[in-house]
Amino acid sequence: MPRLIPNLWFDSNGMEAAEYYVSVFPNSRINHVSHYGDAGPRPAGTVLTVEFELDGRPFTIINGGPEFTFDEAVSFQIDCADQQEVDGYWDRLVGDGGQEGPCGWLKDKYGLSWQVVPAAMAALMADPDPARTDRAMKAMFGMKKLDIAALEAAANGT
């Protein structure tokens, strides 16, 4: 099966974005940078693509111009082991010019959407008791950053 590699379109700050993302996620690195040549359409020497890994997964950024921008139709989910991980990713991605969204969603400073989700959320949504699931879901709808303790308390009816 071929590898699937997300390709992110940026105007001209793709290298900056790749360096930022590599700083946020462990086990990450920039693998290759290519540049526009004399054929253009950007000035020769300008960064064309950046191939990088986030937590060992391949990504590519292309500096393609201002024609396309990100929206919430596509997002990347970060599965977090615990509240400390949720807080860490949330704070890094929102804290430097990002924007909080509802239900664990956010946009980083480049406008890319992320879902910061604790592993406990999957267990709450799969609970065999639909009343617990409904209470947890209702609590989640009132949150921006997800709070595991509050979600579990809601599920428990406390």
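How much accessible area per residue does the chain have, in Å², with a 1.4 Å probe?
Values: 8820 Å² over 158 residues.
It amounts to 56 Å² per residue over the chain.
Using label points projected 7 Å from each Cα along Cα→Cβ, tell me how many nm separate D11 and T158, to one decimal.
5.0 nm
Name the long-range amide H neighbours of I78: under 5 Å, sequence gap of 5 or more, or other chain; modelled H, no Pro or chain starts.
Q115, V116, V117
Test of understanding: what is the full-extension gain from F141 to Q84, defined as 0.36 nm times their sequence separation minus their Cα-Cα distance?
This chain segment gains 18.4 nm when fully extended.
Calculate, for N31 and Q99, the FRET efficiency according to 1/(1 + (r/R0)^6) with r their C-beta to C-beta distance and R0 25 Å; round to the nearest 0.05.
Numbers: r = 29 Å, r/R0 = 1.17.
Calculated transfer efficiency: 0.30.
Can you tell which of S113, A17, F52 lies farthest toward the positive end of the dipole of the chain, using +1 and -1 charges on the Cβ of basic and acidic side chains (Lys, Arg; Asp, Glu)?
Selected residue: S113.
Using a cut-off of 27 Å between alpha-carbon atoms, which lysines can reach K109, once sequence neighbours fewer than 8 places away in the same chain are excluded?
Correct list for K109: K144, K145.
Skipping prolines and chain starts, which residues have an amide H placed within reach, meaning under 5 Å, of the one on G101, given they are 5 or more residues away or on another chain?
Here L106, K107 satisfy the definition.
Ignoring ligands, DNA and RNA, please state the percent of accessible area on region 61-158 from carbon and sulfur, probe 1.4 Å.
Roughly 55 percent, rounded to a whole number.
Residue by residue through region 26-38, what is 3J(HN,Hα) from phi via Karplus (6.51 cos²θ - 1.76 cosθ + 1.60, θ = phi - 60°)? Round to whole Hz and write x for glycine and proline.
Using θ = phi - 60°, the values come out as x, 6, 10, 6, 8, 9, 7, 10, 10, 10, 5, x, 5 Hz.
Just to be sure I understand: of the beta bridges DSSP finds with both ends in region 50-123, what percent are antiparallel, rounded to 5?
Among the beta bridges of region 50-123, antiparallel pairing accounts for roughly 60 percent.
Could you grab the relative contact order for region 112-158? Cα pairs under 8 Å, six or more apart, rounded to a whole percent.
On the way: 38 pairs, mean separation 19.2, N = 47.
Relative CO of region 112-158 lands at 41 percent.
The values are calculated or read from the model by the stated rules, or taken from the named source; none is laboratory data. The shown structure was predicted, so the numbers you read here are calculated from the model rather than taken from an experiment. Note that each Cβ is placed from the backbone with ideal geometry, even for glycine, and that neighbours are counted across all protein chains shown. Remember, those area values only see protein heavy atoms, side chains included, never the ligands or the DNA or RNA. Shrake-Rupley method; radii C 1.70, N 1.55, O 1.52, S 1.80 Å.
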